[in-house]
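The values are calculated or read from the model by the stated rules, or taken from the named source; none is laboratory data. All values reported here derive from a predicted model rather than from experimental measurement. So basically every Cβ, Gly included, is an ideal-geometry build from the backbone, and we count neighbours across all protein chains shown. Heads up: the accessible areas ignore ligands, DNA and RNA and are worked out on the full protein's heavy atoms, side chains in. Shrake-Rupley method; radii C 1.70, N 1.55, O 1.52, S 1.80 Å.
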Amino acid sequence: IEGQLEIARSSDVVDGTVRALDLDSDPDFVDWKPSLLDKSKDWLLGVSAQVDTGQEAAGIRASDTPSRPRTEQEQLHDLAIATLQNMMALRRIGNSTIIEISAAASTPQKAVAIADTLARQYIQKNIAMKADSSRQYSDWLEKFVREQQRGLADASSALNTFNSNPRD
């Protein structure tokens, strides 16, 4: 279940939610100002609380980013991702395989929309991963069957050659 929690927290799921709900143009996400507690944490950890920190919070390292200057829209998107990651919570319920997804937002309706969209994105990611895995297995199986058929045809040809050339 820990693997499933990681999938639910993945950048694909969070990014899909930001895009689906257009959160990078939502003032609650991109006009976010760090609280005094956030500023204190940043100061203690030696981290800058500027817009570019959205990249780091979104799991994007400086070495992963292109050398071209980042557009304002890309920076806002990264900030929305970082904000969403701070506003969402995922946890396993007891010893079950059930994952609870919750989100904090300015309104209960927005929180529900975010949590529902996160759940939908998580399900879509799982389906895509399983489909990809099935496709890879199917490709391997198809290749294996072709190789076995080739080997069978070669063996059949060898048997026919042997039977057509009696050795007595």
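Tell me, please, whether a residue that is closer than 30 Å to residue 14 by Cβ, among the aromatic types (Phe, Trp, Tyr) and without any contact (Cβ under 8 Å) to a residue 12 or more places away in the chain can be found in the range 135-156. Checked against the condition, which is being closer than 30 Å to residue 14 by Cβ, among the aromatic types (Phe, Trp, Tyr) and without any contact (Cβ under 8 Å) to a residue 12 or more places away in the chain, the range 135-156 yields at least one hit.
When 113, 128, 153 are screened for being farther than 30 Å from residue 29 by Cβ, of a type in the set (Gly, Ala, Ser) and outside any loop (DSSP other than H, G, I, E, B), only 153 passes.
Within the range 23-34, the residues that satisfy the criterion of being open to solvent by 50 Å² or more (accessible area, probe 1.4 Å) and either at pLDDT 70 or above or not basic (Lys, Arg) (or both) are 25, 27, 28, 31, 32. Go through the residues of the range 3-22 one by one and say whether even a single one is at pLDDT below 65, in contact with a helix residue (DSSP H, G or I) (Cβ under 6 Å, 6 or more places away or on another chain) and surrounded by 11 or more Cβ atoms within 10 Å (Cβ to Cβ). No. Checked against the criteria, residue 104 counts as touching a helix residue (DSSP H, G or I) at 6+ places or on another chain (Cβ under 9 Å) and among the aliphatic types (A, V, I, L, M). For the range 104-121, the set of residues classified as surrounded by fewer than 10 Cβ atoms within 10 Å (Cβ to Cβ) and of a type in the set (Ser, Thr, Tyr) consists of 107 only. Looking across 124, 136, one residue alone is closer than 26 Å to residue 19 by Cα and surrounded by 10 or more Cβ atoms within 10 Å (Cβ to Cβ). It is 124. Does the range 75-83 contain any residue that is modelled with pLDDT of 90 or more, assigned to a helix (DSSP H, G or I) and open to solvent by 50 Å² or more (accessible area, probe 1.4 Å)? No, there is no match, as no residue in the range 75-83 is modelled with pLDDT of 90 or more, assigned to a helix (DSSP H, G or I) and open to solvent by 50 Å² or more (accessible area, probe 1.4 Å). Has the range 94-103 got any residue that is in contact with an Asp or Glu (Cβ under 8 Å, 6 or more places away or on another chain) and either among the β-branched types (Val, Ile, Thr) or surrounded by 10 or more Cβ atoms within 10 Å (Cβ to Cβ) (or both)? No, because not a single residue in the range 94-103 is in contact with an Asp or Glu (Cβ under 8 Å, 6 or more places away or on another chain) and either among the β-branched types (Val, Ile, Thr) or surrounded by 10 or more Cβ atoms within 10 Å (Cβ to Cβ) (or both).
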